[in-house]
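So the structure is just underneath, and the comments pick up after that.
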Amino acid sequence: MSDARANILARLRAAPRSPLPDRPDWTPPAFGESRLERFRAMLGSVHGEVVETTLAAWPGLLRTLLAERGVRRVLYGPAADVGAQLGRAWTADGDAPTLVPYDRPIEALKAELVHSVEAGVTSVRWGIAETGSLVLWPDAAEPRLMSLLPPLHVAVMAASVLYDSLAQLVAEQGWAGGMPTNALLISGPSKTADIEQTLAYGVHGPKDLLVLVLADQ
Amino acid sequence: MGAEPRAAVGNDFTVRAPQALNDPTLRANFRRAMDGLMSKRAAQFADKPAWDSLRARGAAAKARVLAQLPALLERLEDKCRANGITVHWAETIPEANAIVLEILQKAGARTVIKGKSMVSEEMELNHHLAAHGIQAVESDLGEYIIQLAGEAPSHIVMPCIHKNKAEIARLFAERIPGLGYTEDVDALTAAARAELRGRFAAADAGISGVNFAVAETGTLVLVENEGNGRLSTTLPPLHIALMGIEKLVESLEDLPPLLALLPRSATGQHITTYVNMITHPRRAGELDGPEEVHLVLLDSGRSRVYGDDQLRDTLRCIRCGACMNHCPVYSRVGGHTYKFVYPGPIGKILTPQLEGLDCAGDQPHASTLCNACVEVCPVKIPIADILVRLREESVRPGGGDAVKGGGARRSALETLSWRAWMLIYSRPWAGRLAAWGMTRFGNLLPERLPLLKAWTSVRTKPRFAAKSLHELAREQGYCDE
C-alpha cells in the first residue's frame, strides 16, 4: 500500500502548480443584543423548543415538563455539573423520573441506551445564534451517545455562552489549538425528508429537542 | 442486496434518456422535488451581496486546497496519525475495497452499518463485502429504501428522490415484516427506525463518508440530518471513513463558510441537524465511541484530473447537488439515466474524467450549456467551460493525454464534415457553391443520412429556401457593398 501513497503524491507533485488565492473578506453575521432572540427563533424554526429558566429552578421545571410528556427514564451523567445538580434535586423526590447514570462503557449499557431510556440530559458548551445551534464537546462525564440515542434530548445552556456565529466561536475559543475526540453542532431534533420531501422527526436520533436556557448564568 | 453492479447496466446516456423522458411517474417525481429544492435554496441566498462574498470565500477555500493538495494530504495524514486515526491510501477502487475488507476481517466483523457515502457507491463496496460474507446495511433512510429496492441512488444528496410515497409504501409493506401498507410518512419513518435500531446495536463496524477533512487538526467533518451518521461513527467499536483525496480543507477557519454554503445549496437549510467533527478514536476513560478509526484516501483517477490545470477545478466540488437540482436535463431524465454514481452537471464533467471519454463520452454532450449549474455552484466550478473542453478532448486527434479515452468519439465522417465546413466559411467561392447547392438540392437529402440523422431523429428536418439571402438581396437591387 506504500506504493499507492508514493504514486498518488508523485502524480500530484508532477502536475502544474495553480496559484494560491488569498481568502477574500467575508463577515459572518452578528446580532448584538438580539442574540438570544435569534437563537430562539432559529432553533424554533427547526422544531427545537427553547425554555428560559434559572440555575436554581431548572431541575424542578424539567421535572414538571417531563411529567407532562410522560417521560419516566432519564439518562444523565452523574459526574458532570448538570448531572450532579439533577441528581441532588431529584433523588429526594420519590415521584421524580428514574435517573439512569451513564457511568459505564457503552458495551455494558447498550440494551438500556438503545431501547429503554426516554430522555438524555446534557450540558451545552456554547451556543450559536446565527443557526440556532448547540455546541457539545462530549467527554467521559457526558458521553457522545447521550444526545443521540434517547427519543428526547434535554440540553442545559447558560445564556452567557451564546456566540453570534461558528466563525466567531472557532476563532475566539481557539479551536485550532486542540479539538476534542468529538465536537458536535446540534440544530434541532433528528429529521429526514427522504420520503417525498416530507419532514419527519426522530428518524434515528431524538424526536424532540428541549433547550433550557439559564438566563442568570 | 443493493443495486446491480454497474457493469451489467446499459452504457449509453443517449439510449436511456428517451426512456426516462417517456416515464410520466419519474418525470412528476423529479419535477416536484426539483421545484421544491430550487425555491428553498433561492430563499437562503436572497441577499445577493452576502451570497457573493460567502461564495467567493468558499471558492477560495477549495482553490487553496487544490493549490497545495499534496502538502495538505501529508499534513492531514500526520495529524490523523498523531490523533490515533489510521490512514490508508488507495490508488484504485479494488485497492480501496481490499483495504476495507482487510480491516473488517482483522476485526472479525460480520455486519457493518453504513452512513451515506458516495465514495462507497463509487467503490460498489456493498457488493464487494457481500461477496466475502460481510453484510453492509445502509442506514440513511433514502439509502435504506433503495437498498431494499435493489436500486442505485438517483441523486447525491437525496438518493431515493425518484420514488414517490406510494412506491415506498408498497416496498415497505413487502419487505418489513409486520408493517401493512401505509402512506403515512411518520409511520414509514418509525418503521425504518425500529428496523435499523437493532442493526446499529448489533453492527461490528460503522462505515461513513467524509464531507470535509481538516488538514490543520486531523478532524473528519460529517454533516447530516438523521443522526444515522453519528450512530454509525459512534456506536460500533470500529469506524472506517472513506474519502476522495480532494475533500480537504486547509484549516478550521475555512470550515464555517463552507458549512454555510453546503446545506443551504443542497436542501435550503441554514445548517444540517448534525455537524459531527471526529478527531480521535475513544480515549482512555471515555465511555463510548469507536476504539479504532480508519481513514481511507481514495484516488481512483482524481490525481489524473488534477494533472490538467483547467480540468482540476472539477475537484473543488463539495457534493451539494445544487447543479443537478437546477439542471433542465437532470430534472427531466433523472439520476439513473447517467448510469454512473455522480449524475447531473457535476457528473457530466467528473464521470468522463474518472471513467474515461471512451465509456462516458456522451455525457458532456447531454447539456445545453445554459449555465444554470455555474450560477448556483457554491464553489464556482466553471462547469460549462469544462463541458466544452471535454467535448474537444473527446474528438482530439490522436487522443491527447489530458483525459482518459481522449479522441474516442472522433469519427472520419465528422472530421471530414467539419473540414468542409471550414472550407465553406473561409473561401468565398466554396461558400457560394455550397449555398447554391443547398438551395437547389438540400431538400433532397434523406433524413436518415449519417450525421443529419442525429438531428432529424428528434427534430423536423429544416426546409431549405429555394434561394439564398444573398441571391434574394441581389434580385432586390442590393449590391455586395
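The values are calculated or read from the model by the stated rules, or taken from the named source; none is laboratory data. Given the structure is predicted, the values throughout are model-derived calculations rather than measurements. Note that each Cβ is placed from the backbone with ideal geometry, even for glycine, and that neighbours are counted across all protein chains shown.
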Legend entry - Residues satisfying the stated conditions in region B:33-53, i.e. within 30 Å of B:Gly361 (Cα to Cα) and not aliphatic (A, V, I, L, M): B:Asp35
Inset, instruction - Could you check how many residues of region B:147-174 are within 16 Å of A:Gln197 (Cβ to Cβ) and assigned to a helix (DSSP H, G or I)? - result: 5
Inset, instruction - Test B:Ala205 against the criterion of being surrounded by 23 or more Cβ atoms within 10 Å (Cβ to Cβ) and either of a type in the set (Val, Ile, Thr) or farther than 19 Å from A:Gln197 by Cα (or both), and give yes or no. - result: yes
Inset, instruction - Within region A:147-176, track down each residue that is more than 14 Å from the chain's Cα centre (by Cα), more than 9 Å from chain B (Cβ to nearest Cβ) and either farther than 30 Å from A:Arg72 by Cα or surrounded by 23 or more Cβ atoms within 10 Å (Cβ to Cβ) (or both). - result: A:Ser160, A:Tyr163, A:Asp164, A:Glu172, A:Gln173, A:Gly174
Inset, instruction - Please state which of the following conditions B:His88 fails to meet, knowing it meets all the rest: (1) at pLDDT 95 or above; (2) part of a helix (DSSP H, G or I). - result: (2)
Inset, instruction - Just need a number here: residues in region B:456-481 that are surrounded by 13 or more Cβ atoms within 10 Å (Cβ to Cβ) and not polar (S, T, N, Q). - result: 8
Inset, instruction - Give the residue that is surrounded by the most Cβ atoms within 10 Å (Cβ to Cβ), with candidates limited to residues of region A:55-111 that are within 23 Å of A:Ala215 (Cβ to Cβ) and among the charged types (D, E, K, R). - result: A:Arg63
Inset, instruction - Tell me, please, whether a residue that is under 30 Å from B:Trp51 (Cα atoms) and loosely packed, with under 13 Cβ neighbours inside 10 Å can be found in region A:1-19. - result: yes
Inset, instruction - Can you give me the number of residues within region B:270-305 that are more than 7 Å from chain A (Cβ to nearest Cβ) and of a type in the set (Asp, Glu)? - result: 2
Legend entry - Within region A:193-217, tally of residues that are in contact with a Leu (Cβ under 7 Å, 6 or more places away or on another chain) and over 29 Å from A:Glu37 (Cβ atoms): 4
Legend entry - Of all residues in region B:55-64 being within 20 Å of the chain's Cα centre (by Cα) and hydrophobic (A, V, I, L, M, F, W, C), the one that is nearest to the other protein chains (Cβ to nearest Cβ): B:Ala63
Inset, instruction - Using the structure shown, decide if B:Glu102 is over 22 Å from B:Pro378 (Cβ atoms) and without any contact (Cβ under 8 Å) to a residue 12 or more places away in the chain. - result: yes
Inset, instruction - With the condition kept exactly as written, say whether any residue in region A:40-52 is part of a helix (DSSP H, G or I), within 17 Å of A:Thr122 (Cβ to Cβ) and either within 14 Å of chain B (Cβ to nearest Cβ) or of a type in the set (S, T, N, Q) (or both). - result: yes
Inset, instruction - State yes or no: is B:Pro49 in the same structural domain as B:Glu216 (by TED's automatic domain parsing) and over 30 Å from B:Trp455 (Cα atoms)? - result: yes
Inset, instruction - Tell me, yes or no, whether region B:308-325 has at least one residue that is at positive phi and either outside the structural domain of B:Gln44 (by TED's automatic domain parsing) or aliphatic (A, V, I, L, M) (or both). - result: yes
Inset, instruction - Go over the candidates B:Ser331, B:Ser300 one by one and state the one that is of a type outside the set (D, E, K, R), touching a residue at least 40 places away in the same chain (Cβ under 8 Å) and farther than 24 Å from B:Glu224 by Cβ. - result: B:Ser331
Inset, instruction - Give region B:220-265 a look and list any residue that's of a type in the set (A, V, I, L, M, F, W, C), within 11 Å of chain A (Cβ to nearest Cβ) and part of a strand (DSSP E or B), or say none. - result: B:Leu220, B:Val221, B:Leu222, B:Val223
Inset, instruction - Using the structure shown, decide if B:Ala42 is part of a helix (DSSP H, G or I), surrounded by 14 or more Cβ atoms within 10 Å (Cβ to Cβ) and either within 11 Å of another protein chain (Cβ to nearest Cβ) or of a type in the set (A, V, I, L, M, F, W, C) (or both). - result: no
Inset, instruction - Mind counting the residues in region A:92-145 that are in a helix (DSSP H, G or I), touching an Asp or Glu at 6+ places or on another chain (Cβ under 8 Å) and either polar (S, T, N, Q) or more than 7 Å from chain B (Cβ to nearest Cβ) (or both)? - result: 0
Legend entry - Filtered residues of region B:188-216 (kept if assigned to a helix (DSSP H, G or I) and more than 9 Å from chain A (Cβ to nearest Cβ)): B:Ala191, B:Ala194, B:Glu195, B:Arg199, B:Ala202
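Here's the yes/no breakdown for (1) under 24 Å from B:Asp78 (Cα atoms); (2) over 20 Å from the mean Cα position of the chain (by Cα); (3) surrounded by fewer than 24 Cβ atoms within 10 Å (Cβ to Cβ):
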| site | (1), (2), (3) |
| --- | --- |
| B:Ala201 | no, yes, yes |
| B:Glu226 | no, yes, no |
| B:Ser232 | no, yes, no |
| B:His239 | yes, yes, no |
| B:Ile245 | yes, no, no |
Inset, instruction - Tally the residues that are surrounded by 13 or more Cβ atoms within 10 Å (Cβ to Cβ), over 27 Å from B:Arg409 (Cα atoms) and of a type in the set (A, V, I, L, M), restricting the search to region B:435-452. - result: 2
Inset, instruction - Could you please find all residues in region A:187-201 being among the hydroxyl-bearing types (Ser, Thr, Tyr), within 7 Å of chain B (Cβ to nearest Cβ) and surrounded by fewer than 24 Cβ atoms within 10 Å (Cβ to Cβ)? - result: A:Thr198
